[in-house]
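For reference, the structure is listed below as structure tokens.
The values are calculated or read from the model by the stated rules, or taken from the named source; none is laboratory data. What you are looking at is a predicted structure, and each value in this text was computed from that prediction instead of being measured. We place every Cβ from the backbone using ideal geometry, glycine too, and count neighbours over all the protein chains shown. When the accessible area is computed, the model is the full protein with side chains, heavy atoms only, and any ligands, DNA or RNA have been set aside. Shrake-Rupley method; radii C 1.70, N 1.55, O 1.52, S 1.80 Å.
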Amino acid sequence: MRILFVSSEAYPLIKTGGLADVVGALPPALHKLKADTRILLPGYPSVLGKAANLMPIAKLDYLPQIGNATLLQGEMPDTKTPIYVIQHPGLYERDGTPYQDSKGLDWVDNPLRFGILSHVAAVLGSGFSPLEWKPDILHCNDWQSGLAPAILHFFNTTRAKTVLGIHNLAYQGNFEDAWVGLLGLPPQSYQPAGLEFYGRLSFLKAGISYSDAMITVSPNYAKEIQTAEYAYGMEGLLTAQSGKLHGILNGIDSTEWNPKLDQYLIHSYDRTELVKKSANKEALQNSLGLEIDPIAPLLAVVSRMAHQKGLDILLNCASSLIHDGAQLAVLGSGDPILEYGFNQLAKAHPGRVSVTIGYNEPLSHQIMAGADIFLMPSRFEPCGLNQMYGLAYGTPPVVRHTGGLADSVHDFGASAPNEANGFVFEKTTTLDFLAATCRAMKTFHDKKAWAKLQQNGMKQDLSWESSAKKYLAIYRELIS
Ligand code: ADP
Ligand code: GLC
């Protein structure tokens with residue numbers, strides 16, 4: 001089976017969030033199950049800089065607006081997963097993130113940048129491909145490659161079956177309808193059963209309308225996105241297409257996120273040597289300028305600072321948690337109002353609150369190992385990886401009952417003693433979150449109960465293996 005993943009990010013080449021982790025880990029997990037899996041990415045500077053053995057293999061002609069680009073082939077640096085990279089300096093070789101400039105504004109030509117990604121993906125999935133290697137499955141991810149199934153649908157040639165991976169329905173890639181013509185899309189595709197969404201061209205809707213199957217990143221989110229609360233206007237569409245919608249919980253990369261193997265930790269540990277976790281806590285308190293205090297429950301956040309993540313709720317009650325004896329370590333960036341709020345909080349509580357604004361891969365691992373309790377008060381969370389990293393690192397999470405958080409975290413108190421692995425609350429309110437976090441802090445001081453909670457999380461099979469088998473089963477069904 002040949003599978004081409006199409007993505008706007010893939011760890012370790014380029015990452016802004018969990019999508020990168022998934023695209024870094026799922027293809028090698030499929031490879032272990034004997035699938036020939038490759039990845040198509042835009043040629044951002046970090047991709048060109050970090051990929052191994054890159055070389056030009058084809059010229060891509062007749063691309064809308066830009067004419068031509070070069071297709072490079074190479075490998076992921078660690079896993080050696082084969083990759084294809086679209087090289088076009090004008091489109092992709094800039095500073096900033098894949099989506100935004102250094103001021104945090106979306107690149108104005110994003111529809112073109114990701115329209116080209118989608119177009120190239122469609123070509124590689126079709127009989128028009130310049131490559132000998134032709135995929136059976138084209139697995140697109142989120143809106144950035146959502147146009148590919150639509151473009152492929154209108155090609156008059158043999159084609160791969162298409163899968164749309166939905167990692168976040170809040171980002172839909174909706175643009176001015178002028179882009180339909182600019183991207184060379186067939187005019188007949190711009191209609192309510194196609195690409196049109198409230199008078200605009202929607203990349204995500206294109207993927208939903210024309211893909212052969214959709215897979216979202218947790219079973220619970222697959223249900224939620226068929227309701228108005230979680231689907232941002234696409235609930236009707238998703239309900240109508242629910243026959244091709246599946247939910248598979250993400251796994252975690254157990255070579256990258258494993259406290260025994262973690263390259264960023266000074267003190268590695270597993271569940272038989274949890275005392276060493278205390279050494280990580282002390283090292284973290286030291287490096288973040290927090291008081292060295294083994295007794296204080298160290299709460300932690302590593303997150304994009306976006307409305308989705310519910311961090312405003314934490315800000316509302318953080319002082320009260322500190323007053324009750326907690327310490328808090330925050331790493332993240334995004335919404336300037338949240339960044340400001342957390343910086344003010346740190347100023348008000350020197351030695352008790354540490355806030356790092358920015359993106360820092362080593363620190364994210366050190367926080368996961370050194371903290372006691374991981375906080376994720378998300379309003380919605382398609383899957384969430386950090387709560388699973390928390391489970392693997394003996395850092396029980398406090399989460400809202402939503403999306404993949406509900407599928408992976410079982411409340412202490414409400415679940416069987418051998419299953420409980422964290423703390424779950426229902427409503428996105430400060431009161432509910434505070435109550436759950438206070439429960440966690442109280443349980444932390446009960447050494448026996450806490451150890452059991454940590455063991456339950458650390459024993460859980462969070463690896464990609466079983467999820468990869470489910471992906472494979474869907475691919476097989478599509479091509480049979
Ligand atoms: P999302 O994809 O919605 O951001 P996930 O929980 O699925 O949420 O994945 C987030 C990923 O991004 C995790 O690997 C997390 O460690 C990482 N991450 C988020 N913010 C930062 C940051 N500021 N520095 C380092 N890693 C971060
Ligand atoms: C998205 C979601 C997150 C999920 C990740 C990987 O960014 O917000 O919940 O874990 O994709 O699938």
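A few points about this structure:
- Residues that are within 16 Å of ligand 1 (Cβ to nearest atom) and of a type in the set (S, T, N, Q) were ranked within the range 319-350; the one that is surrounded by the most Cβ atoms within 10 Å (Cβ to Cβ) is SER333.
- Helices (runs of 4 or more DSSP H) wholly inside the range 379-480 that include at least 3 residues being hydroxyl-bearing (Ser, Thr, Tyr) and at pLDDT 95 or above: 430-444, 465-479
- Residue in the range 405-428 that is within 29 Å of ALA20 (Cα to Cα), open to solvent by less than 40 Å² (accessible area, probe 1.4 Å) and among the charged types (D, E, K, R) present: yes
- All conditions in (1) open to solvent by less than 10 Å² (accessible area, probe 1.4 Å); (2) away from ligand 2 (no atom under 16 Å from the Cβ); (3) in contact (Cβ under 8 Å) with a residue 60 or more places away in the chain; (4) under 22 Å from ALA318 (Cα atoms) hold for LEU375, with the sole exception of (2).
- Some residue of the range 33-42 being within 18 Å of ASP136 (Cβ to Cβ) and within 16 Å of ligand 2 (Cβ to nearest atom): yes
- Of the candidates THR162, THR255, the single residue that is closer than 25 Å to LEU4 by Cβ, of a type in the set (Val, Ile, Thr) and at pLDDT 95 or above is THR162.
- Filtering the range 358-384 to residues that are in contact with a helix residue (DSSP H, G or I) (Cβ under 6 Å, 6 or more places away or on another chain), within 11 Å of ligand 1 (Cβ to nearest atom) and farther than 15 Å from GLY289 by Cβ leaves MET368, PHE374, MET376, SER378, PHE380, GLU381, PRO382, CYS383, GLY384.
- Hits in the range 16-39 - residues which are within 12 Å of ligand 1 (Cβ to nearest atom) and without any contact (Cβ under 8 Å) to a residue 60 or more places away in the chain: ALA20
- Among the residues of the range 134-170, those identified as under 15 Å from GLY18 (Cβ atoms) and either among the hydrophobic types (A, V, I, L, M, F, W, C) or more than 16 Å from ligand 1 (Cβ to nearest atom) (or both) are ILE166, LEU169, ALA170.
- Residues of the range 289-313 classified as away from ligand 1 (no atom under 14 Å from the Cβ), in contact with a strand residue (DSSP E or B) (Cβ under 8 Å, 6 or more places away or on another chain), open to solvent by 30 Å² or more (accessible area, probe 1.4 Å) and on the phi < 0 side of the Ramachandran plot, total: 2
- The selection criterion, being within 30 Å of LEU105 (Cβ to Cβ), in contact with a Ser or Thr (Cβ under 8 Å, 6 or more places away or on another chain) and surrounded by 18 or more Cβ atoms within 10 Å (Cβ to Cβ), does not hold for VAL353.
- Search result, residues across the range 119-138 that are open to solvent by 40 Å² or more (accessible area, probe 1.4 Å) and free of Cβ contacts under 8 Å to residues at least 40 places away in the same chain: PHE128, GLU132
- Of all the numbered requirements in (1) near ligand 1 (Cβ under 10 Å from one of its atoms); (2) open to solvent by less than 50 Å² (accessible area, probe 1.4 Å), THR402 misses one, and that requirement is (1).
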